[in-house]
Structure formats: C-alpha cells, structure tokens
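What follows is a set of notes on a single structure, which appears directly below.
Rule-based calculations on the coordinates, nothing more; no lab input. Treat the numbers as computed from the prediction; the structure is a model and nothing was measured. With ideal geometry, Cβ positions are generated from the backbone for all residues, glycine too; neighbour counts draw on all protein chains shown.
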Amino acid sequence: MRKLAVLILAVAALAAGATLAAGSATAAGAATHHTRIAIVRPVHADGRPVAGYTVTREHVAGFTCLEASPVAVDRGIDFCGFSATYTMACWRSKDHTALCLRDPWTKQLVRIRYRGQFARPAAPPHPVPQALRLMNGNRCWVRDGGAWGTVTGHPSWVGAYGCELGDVYGRGDGIAESMQPWRVHLVVNAGGPDQRITDHRVGKAIFVGTAV
C-alpha cells in the first residue's frame, strides 16, 4: 500500500508540473498576442533627473514650452522647441531650464533654457506612444513634423513614425489600436518606384510619465 501511495503522489506531481508548464506556455503565447504598454519616467515632479539618467546641456535660441506633450500620460510634460530639436517630452527644471527626453530607449536627457513661461497643461486625453517596437524587432520613433513623402495609392495616409527600417504611415497616429496586438502599415521608399507596404504587429509601445 505504501508503494502504491508513493506512486500516486509521484503521478500527481508530474501532472501538476505538466499543468504549470502548459499554463506558462499559454501565458507566453498570450503575451505575444498583445501589445505591451510601457511608461518611462525619467524626471521627478520637482524637475530632478531620475538616477541613472545622464544630462547634456544645449543652447537653442527662442526655445519655448507652450503646449502639452502628445506622448505624455501625466500633466506638466510639455512639447517644447521646434521640429529640428525633437524635444517632444520636456519637464520644467531648475534655473529656467527644461529637461527633455528625445529617445525613450536610452537614459539620456538634454537640458535647454526656455523662454517665457513653461506651460503645465493636463496630459492629452489620448496620448500617442513616443516609440514602438514591432514584433520583428524594428524600432520606431514618433514623427515631429518635417516633410515626408506621399504613399502611392494611399494619398490620405500621413507619416506617423520613423523606423530603423521604413516608416509607419496611416490615418491619425498610424496605429490600429482596435485589435490586439496593435497593427501598423510599414512603408519602405514611400512614393518611389520600389515602394513596399507591409503590415506589422506592435510588440511594445512606450509612453512618457513623471516620476514621484
């Protein structure tokens, strides 16, 4: 009887292990079928950079911070400067300067002295990601103005994200968020004779917030 009991316990343990393994595989499979949302928080509410971030000082004439950042999930983050400065997420800091995050994949900030007041509006009701990583590993950064080509066959599409390979085009912010994972149209050589359009799943979307 003792041997039978031990055998039953061993079989039960194997079954439980198999169930846990199956559950882990199911969870991993589910993760690949959803876009992961991340929020980076590089600056504290009092304007101090978070530990681990480096700060480089720049001078930009006429630099202003007058409106909410489109990539922010918290109030008080501004869209500053010009398209050329690519300073879409900035926080008010010391000595009339702003700390700005250009690339959420890095831990680097720029410090720029701003002119006039630093607006501290509420976050937009529907922020857009500052950066995306597609399921194939291709990384993309949100567009900040500039002249982009027109996609042949899709004159209503606009450029939304510039990627390591190609660009994301579409209507609005270019992201189809009504499905999981999110989808985008990736265009290579927009408007050219060798234009290529492919559909891709979004693995990760990065927004910006403020640290406590």
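Numerical summary
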read-out	value
Cα-projected label distance for His44 with Met179, points at 7 Å along beta-carbon direction, nm	4.5 nm
Proximal charge balance of Asp78 [Cβ under 11 Å; K/R count +1, D/E count -1]	+2
Where trypsin sites (Lys or Arg not before Pro) fall in DSSP loop in the stretch 106-212, at most 14 other Cβ within 10 Å	Arg115, Arg171
Asp199-Ala147 pseudo-label distance in nm [points 7 Å out on the Cα-to-Cβ vector]	3.3 nm
Amide proton proximity set for His44, modelled H, under 5 Å, gap of 5+	Val50, Ala211
Cα gyration tensor shape of the stretch 138-212, rounded if a/c is under 1.5, else prolate or oblate by comparing a/b with b/c	prolate
Karplus-derived HN-Hα couplings along the stretch 141-158 (A = 6.51, B = -1.76, C = 1.60, θ = phi - 60°), whole Hz, x at Gly and Pro	10, 4, 6, 10, x, x, 8, 10, x, 9, 7, 4, x, 9, x, 8, 6, 10
Under-5 Å amide H pairs with Gly203, H placed in peptide plane, nonlocal only	Arg133, Leu134, Met135
HN-Hα J in Hz across the stretch 182-191 - Karplus 6.51, -1.76, 1.60, θ = phi - 60°, x for Gly and Pro	4, 10, 9, 9, 9, 10, 10, 6, 3, x
